[in-house]
Structures are given as C-alpha cells and as structure tokens.
Amino acid sequence: MSVKAMAASDTANEKPVRYSICPGHKQSEIGKVPNDWCVRPVGEMGDVRAGKALAANAPGKLRPYLRTMNVFDGQIVLDDVLHMPMTDDEFGLYRLKYGDVLLNEGQSLELVGRCAMYCDEYGKPCAIQNALVRFRAREATCPKFATYLFRYCQATGVFAKIALQTTSVAHLGVSRFAKLELPWPHTLTEQEAIAEALGDADALVESLERLLAKKRNLKQAAMQQLLTGKKRLPGFEGEWEIKKLAEIGEAVAGLTYAPSDVCGEGGTLVLRASNVANGTLVYDDSVYVSMELPTRVFVQKGDILICVRNGSRNLIGKCAQIDAHAESSGHVFGAFMAVFRSEYNDFVYHHFKSGQIKKQIHEHLGATINQITNKSLNAFEIPFPSQEEQSAIAEVLSDMDAEITAIEAKIDKARQIKAGMMQELLTGKTRLI
C-alpha cells in the first residue's frame, strides 16, 4: 500500500485492508506478528559490533570517525567529524560500508538506540567510535528494513527497556542488542517493500520540512525588508519615525504568586514561558492559582505575551500574541512574563518576532540575572510608519505566518501517518501485496 493510499484511507476514516498469509500469530519484542514471519535475534540477521574506544595516544594514522553527535533519527549529520589514531587493521575492522546501520550505544534513556543507515554521506573512508553500535545486514536481510525496525524499537521504548542506566546515560549494550528477538518478514522482497513504503513516508515529511524551511527564510527576509522600510509596499511613501514602545503602548508586569496559591484546574490559568512555543500558545504545562487577582494581569486579545526572565538567555524575548480563546478563558500571566498592550499590537508583534527587538533585548540583559525590566522594555525602539502602512505590512506578514502554520499542520499529519504505517507494517498487521 503506498503512502498516498494510506493517507487517503486515513482522510476517509477507513482502516487499511489487513492481509494475512498464514493464520495465527507469534510473539516478538514489539508484539504479535504473523506466523509466516520469523522472530530472530538481531545478531542472527546481521553482524553487530561496537566501534573503537577513544584513545588519543594510540598507534596509527589519524582517521575520521563518527560518534553519537553524528547519528540522529534517520539522519547522519556531519557538521563535526573528529579524528583519532588507528592502525590499518583497526581501521579495516571499524570502517563503515554503505548500508551499515548505526545506533547510539550510550544516550539518555529516551534516546538510547537512536539510529540511521549510513549511505556514504562522509564521502571518504571513516570508522566509528565505541559510543556507536554497527549493524551490518547479512545477505537475507534488507538494511533499510532493519533501520526502520530499529527506529520503531527506539520510538516505542523497546531499547530503553533493555538498556542499563548509569547516572544520566543509558547503555544499549552490544550483547543485549544482539540477543533482542525481533520480527523479520521471511522474504527479502517483503522486507524491501515495507522499507520502500516507509521511505516514501519519510520522503513526504522531508519534502514538507524543506518547504517549511524555505517559507521561514522568506518570512525572515520579508521582516528584515518591510519592518525597516528598506522595501516599501506599493502605494506607500514618506519618512518613518523612530518611536519607543512607551510612546505607543505600555508594558505590564506579570503576577507574583506563592506556592500556597497554586491549586487544581478549578483555579485561574497562569501563562508562563512554557506556554509559549514557536509563537503560539500551548497548554501542556499549565499552572492554576486561587487568589485575588488584579485586573491588569488578565490577558486581552492582541496582547503580546513576552518572556522577560528565564534561566536561559536565549529564551528571553520569546513571545506569542494572545487570541480570543485565551482572553475569554480568563487567563493571567506570571511574574517571569510581561505583556505589551497597544492599539498597534499587530504591527509591533512582528517586530518582536524579528531580530529587531531581540538585539535590543540582549543589549539590556543583566550581567548576572537573565532578565529585562519593564523600564528596558518600554525603552525599546522601532521604526514606525503610518497606521495604514502598518496594517498593510502586518497583513502581508500574517498571511505568511498562516502559510507556515498550514505547512506545520501538514507535517504533523504526515508524521502521524508515518507513525501509524510503521506500527502496521513492521508488525505485519497490514501486509503489502
């Protein structure tokens, strides 16, 4: 079944057809699988080996090697490839080949076993450090199928279950991984068909991610041009003014509350930095208070909610615009937040999202405390055109935001479809013809 077919089926709320060659099922580490599949230890399906232990003063030439920082979920990243000495024999033993599957041996518990297939991305001979485990498929095993099977094990916690944890690092273990009994379609043809279908799903996600990156770059360029007056929209001319935020609105400090004021969901929701993600409000990490609340801390539609204090300097200034839902629900905002309130908020909000105000924020940050005060916030300056030109600029940038949001929603949907496909295809619940 193709990616498009499964996506269409999902859209129509119809379940994909399930095919079974043989009646009955057998048990594997990822659940029940068809009887005509084999359940075998990983070590029988391919050669499992750890990389070379790091030794800066060992004999041999300096050779490039990959480590955990180079292996992500389904992706080899080569931004930082290191070198260590190896003899010719050692390099031959640990050298990578096209189709080798690399897994993080030592990682945090939720990321242990994170893996990708090596496809000669480095372009030159290279090896692996012992922080990685290499799976080299045997003749009857499709390496790409093995990659998806291992990625599924990592995502569903199978690897975390067998890992041994020391302090904050979990170790997959070469022998434990090699003994792990996983399901394998009996024929190489079926393995390849499953890998191809999941590869199509990955390609769809990757193409949407490339489109999203392009649209974000275009939006950033548009902000740099339009918000500074370097590029004018048709029909507008004349000089812009430089105005302080205090001249066009006010910064309002957030609510200070004590631990004793925190209550259950029956109280008032306090918006904090964790409720701001990628320019939108999220409610996964919510705190409620029960206390007498001043009117000024209730959010209003259009308010720009800004993080003004945080342990990480990079998070100072992250923001979101308050929507009608947050206002009607009677939300307030906490002491590490502020809102900027103005009749020009739609225009000013785009300045907060651009590099214009971010630069001023870092200039005003305290030396020891990652915080900006209301006094600093009110002193920030922005180029200020006529209200008509503001509205036109805000409309253009908001349209671009809407396009980006729509692509993000498509990516989320494509990822959900891929996750469903992995569960169906890798356990044999859905069989490809």
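The values are calculated or read from the model by the stated rules, or taken from the named source; none is laboratory data. Computed from a prediction, not measured in an experiment: that's the story for all the values here. Reconstructed Cβ throughout: ideal geometry from the backbone, glycine too, with neighbour counts over all protein chains shown. All accessible areas refer to the heavy atoms of the entire protein, side chains included, with ligands and DNA or RNA removed. Shrake-Rupley method; radii C 1.70, N 1.55, O 1.52, S 1.80 Å.
Residue-wise HN-Hα couplings along segment 27-36, as the Karplus relation 6.51 cos²θ - 1.76 cosθ + 1.60 with θ = phi - 60° gives them from phi, are 8, 9, 5, 10, x, 6, 9, x, 5, 7 Hz; Gly and Pro carry x.
Give me the percent of accessible area attributable to carbon and sulfur for the chain, probe 1.4 angstrom. With neighbouring chains kept in place, the figure for the chain is 51 percent. The Cα atoms of segment 163-203 give a gyration tensor whose axes a ≥ b ≥ c have a/c of 1.5 or more with a/b no greater than b/c, which makes the shape oblate.
A crude spin-label estimate for the pair residue 387 and residue 239, with each label 7 Å from Cα along the Cβ direction, gives 2.2 nm.
For an R0 of 35 angstrom, estimate the FRET efficiency from the Cβ-Cβ distance between residue 93 and residue 72 and round to the nearest 0.05. Here the calculated transfer efficiency is 0.90. Any aspartates and glutamates with Cα under 15 Å of the residue 244 Cα? List them, leaving off those in the same chain fewer than 8 positions away. Of all the aspartates and glutamates, those that pass the test against residue 244 - Cα under 15 Å, at least 8 places apart if same chain - are 343, 381. What is the set of long-range amide H partners of residue 128 at a cut-off below 5 Å, with H atoms built 1.01 Å from backbone N? Those lying under 5 Å, H to H, from residue 128 are 52, 66. Cα centroids of segment 340-393 and segment 199-223: 28 Å apart. Would segment 294-357 count as rounded, prolate or oblate if I go by the C-alpha gyration tensor, calling it rounded below 1.5 in a/c and otherwise prolate when a/b exceeds b/c, oblate otherwise? It is oblate, given that a/c is not under 1.5 and a/b is not larger than b/c.
With θ taken as phi - 60° and the Karplus curve 6.51 cos²θ - 1.76 cosθ + 1.60 applied, the whole-hertz 3J(HN,Hα) list for segment 193-206 is 5, 5, 4, 5, 5, 6, x, 4, 5, 4, 4, 5, 4, 5 Hz, x standing for glycine and proline. In order along segment 375-390, the phi-based Karplus estimate (6.51 cos²θ - 1.76 cosθ + 1.60, θ = phi - 60°) of 3J(HN,Hα) comes to 4, 5, 4, 5, 8, 4, 10, 9, x, 10, x, 5, 5, 5, 6, 4 Hz; Gly and Pro are listed as x. Of the residues 226, 281, 293, the one that moves most in a GNM of the chain with alpha-carbon contacts below 10 Å is 293.
Placing +1 on the Cβ of every Lys and Arg and -1 on the Cβ of every Asp and Glu, with no other charges, gives segment 283-394 a dipole of roughly 460 debye about its Cα centre.
The slack in the chain from residue 328 to residue 256, taken as 0.36 nm per residue of separation less the alpha-carbon distance, amounts to 23.7 nm. Rounded to the nearest 10 square angstrom, residue 223 shows an accessible area of 10 square angstrom against a 1.4 Å probe. For residue 384, the residues whose amide H sits under 5 Å from its own are 241, 242, 243, ignoring neighbours fewer than 5 places away on the same chain, with H placed 1.01 Å from N.
The residues neighbouring residue 171, those whose beta-carbon lies less than 15 Å from its own, together hold a net charge of +3 under the Lys/Arg +1, Asp/Glu -1 convention. Straight-distance candidates among the lysines for linking to residue 179, with alpha-carbon spacing under 26 Å and chain neighbours fewer than 8 residues away dropped: 26, 32, 52, 97, 144, 161, 429. Note on residue 248 and residue 54: the model spin-label points, each 7 Å out from Cα along the C-beta direction, lie 5.0 nm apart.
Residues whose amide H lies under 5 Å from that of residue 331, counting only those 5 or more places away or on a different chain, are 299; hydrogens are built 1.01 Å from N in the peptide plane. Rolling a 1.4 Å probe across the protein heavy atoms gives the chain an accessible surface of 50 Å² per residue. If R0 is 56 Å, the Cβ-Cβ spacing of residue 188 and residue 280 corresponds to a FRET efficiency of close to 0.75. Compared with the dominant Cα axis of the chain, that is its longest principal axis, helix 143-155 is turned about 50°. Note on residue 265 and residue 47: their simple-model spin labels are 5.5 nm apart, each label 7 Å out from Cα toward Cβ.
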